[in-house]
Each structure stands twice: as C-alpha cells, then as structure tokens.
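Visitor: Okay, handing you the structure first.
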Amino acid sequence: MFEQDSQNNFREELIVALVKAGISSPRLETDIILKYTAPLYPKITEEEQEKALTMLRRRLNHEPLDKIVGEREFYKFVFKVNQDVLTPRPDTEILVEEAIHLLKDNHKRIILDLGTGSGCILLSILKEYPEACGIGVDISEKALKVAKENAQRLGVEDRCTFQNCSWQQLEIAKESIDMIVTNPPYIESSEIANLDEEVKDYDPQIALDGGKDGYKCYKEIAKLAPSMLKKEGYILIEAGIGQAKKIREIFEKEGLVLYKIVKDLGGINRCVILKK
Ligand code: GLN
C-alpha cells in the first residue's frame, strides 16, 4: 500500500502523461482508469498501480479508453465494447431519444436495426420501451457476439433476435416492421486515412466505410426499407456531417416522406426521420 503523498502523486503522474500526449480530458480519463484498476483509490496497491500503468500505456498509443476498459456509456446504459464494434458516440443518442418519443404509446412494436454493431441503439430502445421487440442485423459475426452480450446485460435478450447477414440477404416479411433504425457506415473511403487515430486504428473499417461518396449504404437501405416497413412506419437514420439533405433525397426517391431532421447537441443535422 502506498502512502497518501505518493498516491496523490500517482494520480498526478497519470494526468501529466495524458496531458503531454495531447489527450483532451486528462483528469476525467485518469479517474476512469483508476475506477477500473483501483476502486478504493486513494488506497492503491502495487499490483493496481501496474494495471493502471498498463492501461495508461495503451491510452498513450491513442487506443480509445472505452476499448481499453471494455465498456462505454451510451444514452442511459453501459455497453460492452471491443475492437469488433464501433464505439457508441454521444451524437447517436439523439436517434434513441427520437425513437422513444415516436414509440410513446401502448402498442407492441417491432424494430429493426440495420448494422446493429454493439447493439447500442436497438437495445437502448428496447430497454426503455418494454412493449417493443427487436431484430438486430449485422454482417459481422464478431459484432453480433458483442450485441448479444449487451442484450443480456440490459436484460432484454428475450425481446430481440440477431441475424448475421447483409441487409440485402435479410429475409423479412413484407410490411412487418414498425420502425427501422440505422447508423450505417458513412465515411467516404478516401477520408478514412484522415480520421483520428482513435477512430481509424480502433473502430472496425467495415463500420466506417461508406464507399466512394459515403452514401453507398444509404442507397442500399433506401431500396429495401419501404417494402419492409408497415404503412405509417418510420425509419430513423444517422447522418454524417453535411449528409442529411442528400439522405433525405435518396429516401424520398424511394417513396418515403420526410417526417423531420433533428440536430445533435453540436448543432449538426444528425438524424433524418422519414415515414412510409
Ligand atoms: N460517427 C462516426 C465517426 O464520424 C462514423 C460512424 C459511421 O460511419 N456510421 O467517426
């Protein structure tokens, strides 16, 4: 066990190392590292210090903290994450809020999440809205393993199924879905090399790459969504910066009607909602 002074120095040491590496919230991140490695801090054992320093070294390599500790808060819940899934972003919480707002009635609803990844969107909705059932689709089997664990963590596993296939391969009865939610890959292929190390080196490429113009997945989903949705069903789509207008046009062309476009907390048009 270390003396009080050296304990404080230890926290300080971590903060300074993170500041020097240009990490933007060094105090917060230090406290998170300590929460996972030394839950009784300021009491800390030598072994706990070693664990904290191992995490610090990974963070100094620009591995995102959530991937180091294996968990990330999203909306109101904590999700398991790893290198197989896109880290849930706060910007995406707006999709969940809007979905829950639209579901505020007492009817049973079926929700389909295209490219579910960690499951954070679908599972948050299911947790908040106990009448709903969900289907999470992902082409990555490894991502679905994480989503299934998250379904159990949130205690909603009885109300959701997962399908390991592309959205084109998905067999869904015609007009059976009340709501589609999706945060598909939307970064232009040529832009991926310019992303922050935290993103390009640690989020799966397959979850980021939206093809040459960034709209490849939106176009594919727009072709499929109208026949899957029930009459008056909704689709809630995450948009990258500057993409909302064109996404709207892509889906309108397939016969859906704009319901609204919602900004995230940073003022970006982040969620495009259309109705059948
Ligand atoms: N929002 C993510 C980013 O900008 C990208 C997620 C996506 O392509 N769907 O890093």
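Any read-out appearing in this document is the output of simple, stated calculations on the displayed coordinates, not a laboratory observation. For clarity, every value in this text was computed on a predicted model and none was experimentally measured. Using ideal geometry, Cβ is built from the backbone for each residue, glycine included, and neighbour counts are taken over all protein chains shown.
Visitor: Rg (Å, one decimal) plus Dmax (Å, integer) for the alpha carbons of segment 1-83?
Guide: 12.8, 38
Visitor: Considering all projection directions equally, how large on average is the shadow of the alpha-carbon convex hull of segment 86-158, in square nanometres? Could the numbers behind the result be given before it?
Guide: Working: hull surface 18.2 nm².
Orientation-averaged projected area of the Cα hull: 4.5 nm².
Visitor: How long is segment 52-191 along each principal axis, judged by its Cα atoms, biggest number first, in Å?
Guide: Per principal axis, max minus min of the Cα coordinates gives 51, 32, 25 Å.
Visitor: Then there's this: So the label point goes 7 Å from the Cα of Ala21 along Cα→C-beta, right? Which residues of segment 195-220 then have their backbone N under 17 Å from it?
Guide: Once the point is set 7 Å along Cα→Cβ of Ala21, 196-203 turn out to lie under 17 Å by backbone N, inside segment 195-220.
Visitor: Here is a further query. Between Asn61 and Ser190, what FRET efficiency follows from the Cβ-Cβ distance if R0 is 22 Å, with the result rounded to 0.05? Before the final figure, lay out the partial values.
Guide: Working: r = 25 Å, r/R0 = 1.15.
With R0 = 22 Å, the Cβ-Cβ based efficiency is 0.30.
Visitor: Another question about this same structure. Give the share of C-alpha pairs in each 5 angstrom bin for segment 237-276, from 0 to the last occupied bin, in whole percents, shortest bins first.
Guide: 6, 29, 35, 18, 9, 3, 0
Visitor: What is the mean projected area of the alpha carbon convex hull for the chain, to one decimal in square nanometres?
Guide: Seen from a random direction, the Cα hull of the chain projects 15.2 nm² on average.
Visitor: Take the cross-link list Lys148/Lys200; Lys223/Lys275; Lys76/Lys223; Lys104/Lys276; Lys174/Lys253; Lys76/Lys260 and give me the ones stretching past 21 Å between alpha-carbons.
Guide: Lys148/Lys200; Lys76/Lys223; Lys76/Lys260
Visitor: From zero outward in steps of 10 Å, how is the percent of C-alpha pairs of segment 112-191 spread across the bins?
Guide: 19, 52, 25, 4, 0
Visitor: Follow-up. Hey, which aspartates and glutamates would be in cross-link range of Lys219, C-alpha to C-alpha under 18 Å, not counting anything within fewer than 8 residues on its own chain?
Guide: Asp113, Asp138, Glu188, Asp209, Glu238, Glu249, Glu252, Glu254
Visitor: Given only helices, namely DSSP H runs of n ≥ 4 each adding -39500 (n - 2.57), what is the per-residue ellipticity at 222 nm of the chain, to the nearest 500 deg cm²/dmol?
Guide: -12000 deg cm²/dmol
Visitor: When the Kirkwood radius is taken over all Cα pairs of segment 171-276, what Stokes-Einstein diffusion coefficient follows at 25 °C and 0.890 mPa s, in µm²/s?
Guide: D, rounded to a whole number, is 171 µm²/s.
Visitor: Looking only at Pro26, Pro204, Pro88, which one moves most when the chain is put into a Gaussian network model with springs between Cα atoms under 10 Å?
Guide: Pro26
Visitor: Next question, about the same structure. Work out how much length Ile139 to Glu175 would gain on full extension: take 0.36 nm times their residue separation and subtract the Cα-Cα distance, in nm to one decimal.
Guide: 10.7 nm
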